[in-house]
1. In terms of the Cα gyration tensor, with a ≥ b ≥ c the square roots of its eigenvalues, is region 76-215 rounded because a/c is under 1.5, prolate because a/b exceeds b/c, or oblate?
2. Please identify every one of the GluC sites (Glu not before Pro) in region 148-181 that sits in a loop by DSSP and has no more than 10 other beta carbons within 10 Å of its own beta carbon.
3. As a quick test, which of the pairs 98/201; 129/201; 62/168; 74/139 have an alpha carbon distance above 32 angstrom in this structure?
4. Rg and Dmax of region 33-139 over Cα atoms: what are they, in angstrom?
5. Rounded, prolate or oblate: which fits region 73-128 when a ≥ b ≥ c are the square roots of the eigenvalues of the alpha-carbon gyration tensor, with rounded for a/c under 1.5 and prolate only if a/b beats b/c?
Amino acid sequence: MEIYNSEEEQIEALKRWWAANGRSVISGIVVGVIVIGGWNFWKSYKDNQAQLASSMYQQLLKAVKDTKIASADKISEQLNEQFASTDYADYAALIRAKIKLQQGDQETARQLLEKVAGSADQELRNVAKIRLIRLLMDKGKFEQGLQLIAELDPSAEQGFNGIFEELKGDLYAALDRSDEARTAYQNALREGYSSPLLQFKLNDLTAPEIIDSQQ
């Protein structure tokens, strides 16, 4: 460490240091101010967007409650266009898909469900896939439904595995693939999942075998 013998020497040393480093210090301060200001602006913008999306989503729920279908359809579309990066847009898309199904527009419903099936939110993603598989079943596209289930990552679908196994059983049953349907239903039970009809479906597949063995 340098030792200065007088106040004048200290001042001269400070001047030399400032001449060498002053510009970088000022630049650092300016950058810091810009970064902090930019972050605060971005955070404020995101908070404002979330509030606006929440308000519009509440309007959507009220329109649905009041059975104002045309209004609900319009609001959900606006939410998707204006606030596509928020979860509210995905929730709105699920509602709009249901409306489109009620109106008989299966193609638009499918597109909406496929969009939400790519959501970053795991629960929303699973709900959309379940509804999409049921839509494919209604259209008789059983193989496509099975393909969609085959593409699932079981480790990422925890809590929904039982539902997907039951759907797999329904698809196999529709294709008259009884053994595979039975296995899927049994897997659903092993997952701890039990829908009102699951055991009935399994019994219905087992009953013919019991009758055949008694004949």
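1. Prolate shape, in that a/c is at least 1.5 and a/b is the bigger ratio.
2. Qualifying residues, ordered by number: 151.
3. Violating the 32 Å Cα-Cα cut-off are 62/168.
4. Radius of gyration, then largest Cα-Cα span, for region 33-139: 15.9, 58 Å.
5. In terms of gyration-tensor shape, oblate.
Bear in mind that the values in this text are calculations on the coordinates, not laboratory data. Keep in mind the model is a prediction, meaning the values are calculated, not measured. No Cβ is skipped: glycine too gets one built from the backbone with ideal geometry, and neighbour counts run over all protein chains shown.
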